[in-house]
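Worksheet: one structure, shown below.
Please treat every number below as a calculation from the coordinates, not as lab data. Since this is a predicted model, take the numbers as computed values, not measurements. When we count neighbours, we look across all protein chains shown, and the Cβ atoms used for this are built from the backbone with ideal geometry, even at glycine.
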Amino acid sequence: MFFTNSAGGRRVVVTGIGVISPNGIGKEKFWQAIRDGVSGVKNISLFDASDLPCQIAGEVPDFDFDLPVGKSRRNFLHRLARMALAAADEAQRDAKLNLESLSDEERREVGVIVGTGAGGICYGEDQYRVFFQEGRKKVSPYAISASLAGMLSSEISIAFGLRGPSHVLSNGCTSSTDAIGYAFDRIRQSRSPLLLSGGAEACITPGMMAGFCRMGAVPTKWNLEPTRGSRPFNKDRDGFVLAEGAWILVLEELQHAFERGAFIYGEIVGYGSTCDAYHRLQIMPSGEESSRAIELALKDGGVAKEEVDYISLHGTATELNDRIETKAIKLCFGPRAYEIPTSALKSMIGHPQGASGAAGVVATLLSMLNHFIHPTINYENPDSECDLDYVPNMGRKAEIRTSVCNCIGFGSKNSALVLRKFEGL
C-alpha cells in the first residue's frame, strides 16, 4: 500500500519545499536571500508603470522553467500556472517523490489544496485588452477557464495525474494559510496520506496596480529606491509592495513519511481562523480576533503560549496592519510578547497577497531547520506603537522549537498556523 493508516489523529509533517520568489528561485537561493536580508523588490518591468504613483513591486525575475508538462500544453500556461507548477515540481522532487509513477490507486489518494487571491487575473486582464483592442475573434478559447482561480489546483493535478481532492481557497491574504490549514486537517483526519499545498500569486498587472494605487495602499515614495520600499513597522512606511511568487509544500502523514525514509522539515500541529466581521478593508482596531485566531491555533495543537519561540508576522507595512497586529500579539501573549522574536518576510519580498501565508510557512520552516531567524529589513525609523522585537535589519542565531505563522486579510479575516521542530516519532 502507498500509505499505512494509524489509529487516532495523524501527525502531519512537511517533507518537500518548492519556491519561486522575487528574491530567489529554489529553496536554497530563497533561504540565502532571506538569511542575508536581500530584497527582491525592484522597479516594475512586466508593463509600463511610468504613469502610476507606485512603480515598484516584488517581481519574480525572468524565468524559463523546465515544467512537468508537454511542450504543446506549456504554450498555453499563463504566469500564475507556470510559477505554481515549477514550485510544485521542485517540492515533489525535494520530497524524493515521483508523482508521475504512482499507481492508479495511489493517484486517487494524493491531491492538491492551494491558495490564491487574484487567481488568473494576469491572463484575464490581458484577454480583456485583446477583446477591446482587437475584437472578440482574437480572444483565446482559454480566456475563461484560465482566468478562474479554481483552475490553479487543476493545473497541478493534471500535470502530475493526481486524482485526489483538487481545491483552491481564494480568501484574500489568508488564502494559502487557510489552504495549508485545510490540508493539515484532511491528513490529520486520515482522509489523505499526502497533499501538495501552499499558494501562488501573479497579480502584478496594470489593473491591479491601478486599483491599489487608487486605494492608497501601495507606497509612492520609493520609486527611485525600490529595495527600501517595503518597510514594516517603520514610522515612515506608506503601504505594502505588491508581489508575486509561489511557495508549495508536500504535507505528509508522519507514518507514511517515516516508512519511505523522507526527510522532515518540521511538523504542523495547529490551525486557527476567525473573522472580525468588521470592514471590507480595515482591521478591527482592538486586534482581538487576530489574537483569537492565534489562540485557537495554539489550542488546536495543544501548545502553551510559553512554548512559542518565534512568530512570523503578516507585517504588510501598512499603518493599520502593523499597529493592530502588534496589538494582537500583545493581547495574545501578554508581557511575554516583548520576549518573543518576530520578523516580517514581506520586508524582503513584498506582499504576494494570497500566497503570503505559504511564503511565511516556508521561511519559518527553513529558519527552524537552520537555527537562524531572518531579519525585518528597512527597519530605520521605528513606530512607537510597534515596539516588539522585530529582529531588525540583521538576522540572528536562535533555537526555534515552536513557532506561529500569523496572517491577516482583507474582509476582516485572520488565520494562524503553529509549527514545531520535528523531534522524532
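When a/c reaches 1.5 or more, the comparison of a/b and b/c decides; with that in mind, is segment 171-217 rounded, prolate or oblate per its Cα gyration tensor? Because a/c hits 1.5 or more and a/b exceeds b/c, segment 171-217 counts as prolate.
Residues GLU289, GLU306, GLU225, GLU325 in ascending order of nearby Cβ atoms (within 10 Å, fewest first): GLU306, GLU225, GLU289, GLU325. When the chain is treated as a GNM, springs tying every alpha-carbon pair under 10 Å, which of ALA159, ALA33, ALA143 comes out with the largest mean-square fluctuation? Greatest mean-square fluctuation among the candidates belongs to ALA143. Please report how far the C-alpha centroid of segment 10-73 lies from that of segment 286-321, rounded to the nearest whole angstrom. Using only Cα atoms to place each centre, the spacing works out to 26 Å.
What shape does segment 270-420 have by the C-alpha gyration tensor, where a ≥ b ≥ c are the square roots of the eigenvalues, rounded means a/c under 1.5, and otherwise prolate means a/b greater than b/c and oblate the rest? Because its axes are fairly even, with a/c under 1.5, segment 270-420 counts as rounded. Among beta bridges identified by DSSP and lying wholly in segment 277-425, the antiparallel ones come to about 60 percent. Percent antiparallel among DSSP beta bridges with both residues in the chain, to the nearest 5? Of those bridges, close to 70 percent are antiparallel. With contacts taken as Cα pairs under 8 Å and at least 6 residues apart, the chain reaches a relative contact order of 23 percent. Remark: spin-label model distance ARG136-ARG93 equals 4.4 nm, labels positioned 7 Å along the Cα→Cβ axis. Could you pull out the pairs from LYS29/LYS138; LYS299/LYS397; LYS96/LYS138; LYS96/LYS421 whose alpha carbons sit more than 31 Å apart here? As for pairs spanning more than 31 Å Cα to Cα, those are LYS29/LYS138; LYS96/LYS138. Cross-link partners of LYS235 among lysines, defined as those whose alpha carbon lies under 21 angstrom from its own and excluding same-chain residues fewer than eight positions apart: LYS221, LYS327, LYS330, LYS346.
For a test of the definition: using alpha carbon positions, the gyration tensor, and the 1.5 limit on a/c, classify segment 368-418 as rounded, prolate or oblate. Walk me through the intermediate numbers first.
Details: a/c = 2.50, a/b = 1.11, b/c = 2.26.
It comes out oblate by the Cα gyration axes.
Taking the centroid of alpha carbons for each part, segment 106-166 and segment 363-425 are 32 Å apart. Arranged from fewest to most other beta-carbon atoms within 10 Å of their beta carbon, PHE372, PHE63, PHE76 become PHE63, PHE76, PHE372.
The residues SER412, SER312, SER190, when put in order of fewest to most other Cβ atoms within 10 Å, stand as SER190, SER412, SER312.
For LYS413, a cut-off of 18 angstrom between C-alpha atoms picks up these aspartates and glutamates, skipping any fewer than 8 places away in its own chain: ASP178, ASP276, GLU288, GLU289, GLU295, GLU319, ASP322, GLU325.
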